[in-house]
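Bear in mind these aren't lab numbers, they're just calculated from the coordinates by the rules spelled out. Just so we're clear, the structure is a prediction, and the values are computed from it rather than from any experiment. Glycine gets a Cβ as well: all are built from the backbone with ideal geometry, and neighbour counts include every protein chain shown.
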Amino acid sequence: MYNLKVRQKAEYYGIGEAASMACLETKQQGNSLAKIIGLGFATEILEHNISISSNAECFQRSMRRAFGDLNPSEVDAVVLHAPGTIKGDFSEFAAIEKVFGPHLPALTTNKWKVGQSIGASGMLSLELAILMIRHQEFIPVVFVNYSHLPKRIDKVMINTVCFDGNAVSILIEKV
């Protein structure tokens, strides 16, 4: 489904900072943009505080917890943490392959465009997911060759991880 290549020349994914916020409410309002239907979190013991295991065990557990009773094949897209490091990106992809099996959703990220904004990166990924749901348009990564894109975008998972191996996965759906 994906043609992932390691580029000949290393690209720099800048570290910056940004701000983002969302209003979370316990009851759905008339102007709600999306609904959180799953939340998962997990951690793993790391050899180094900025490493991740080769199969990203923390991501596997956080994604499975976010699914709850939902079948993974119902997820239309995943907004990856994908910080732009070879080991980190391939570890997250390996975790997604394990969790989703043959039903890989469309994968995207925003860090190739906006950089790694440390504290706000998870919220910027949530914003990307909400925009795709609201506009029914998948926003691809320009250097990935997709074999197919979702026709509808109703459910999107957002992944994020901290330097210390704490992963969070949020599953949202269209209201």
Discussion item. So if I place +1 on the C-beta of Lys and Arg and -1 on the C-beta of Asp and Glu, and nothing else carries charge, what would the dipole magnitude of region 36-175 be about its Cα centre? I want it in debye, nearest 20.
Written reply: 260
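Determine the percent antiparallel among the DSSP beta bridges restricted to region 58-173, to the nearest 5.
On the way: 7 of 13 bridges.
Just about 55 percent of them are antiparallel.
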Worksheet item: Here are some pairs, LYS27/LYS113; LYS87/LYS151; LYS35/LYS113; LYS27/LYS155; LYS98/LYS151; LYS35/LYS98; which of them have Cα atoms lying more than 28 Å apart in this structure?
Response: LYS27/LYS113; LYS87/LYS151
Item to complete: Just the Kirkwood number for the chain, please: inverse of mean 1/r across all distinct Cα pairs, in Å, one decimal.
Response: 16.4
Worksheet item: If each of LYS87 and GLU17 carries a label point 7 Å out from its Cα toward its Cβ, how far apart are those two points in nm?
Response: 2.7
Worksheet item: In terms of modelled amide H atoms, which long-range or inter-chain residues lie less than 5 Å from the amide H of LEU107?
Response: VAL78
Item to complete: Measure off 7 Å from each Cα along the Cα-to-Cβ vector at ILE37 and ILE118, then give the distance between these two points in nanometres to one decimal.
Response: 3.6
Worksheet item: To the nearest 10 degrees, how steep is helix 57-67 against the longest Cα principal axis of the chain, on a 0 to 90 scale?
Response: 10
Worksheet item: Exactly which chymotrypsin sites (Phe, Trp or Tyr not before Pro) in region 87-152 are in a DSSP loop and have at most 14 other Cβ atoms within 10 Å?
Response: PHE143
Worksheet item: What's the angle, to the nearest 10 degrees (0 to 90), between helix 86-100's Cα axis and the longest principal axis of the chain?
Response: 50
Item to complete: Take each of the peptides 122-129, 153-160, average the number of other beta-carbon atoms within 10 Å over its residues, and list them starting from the highest.
Response: 153-160, 122-129
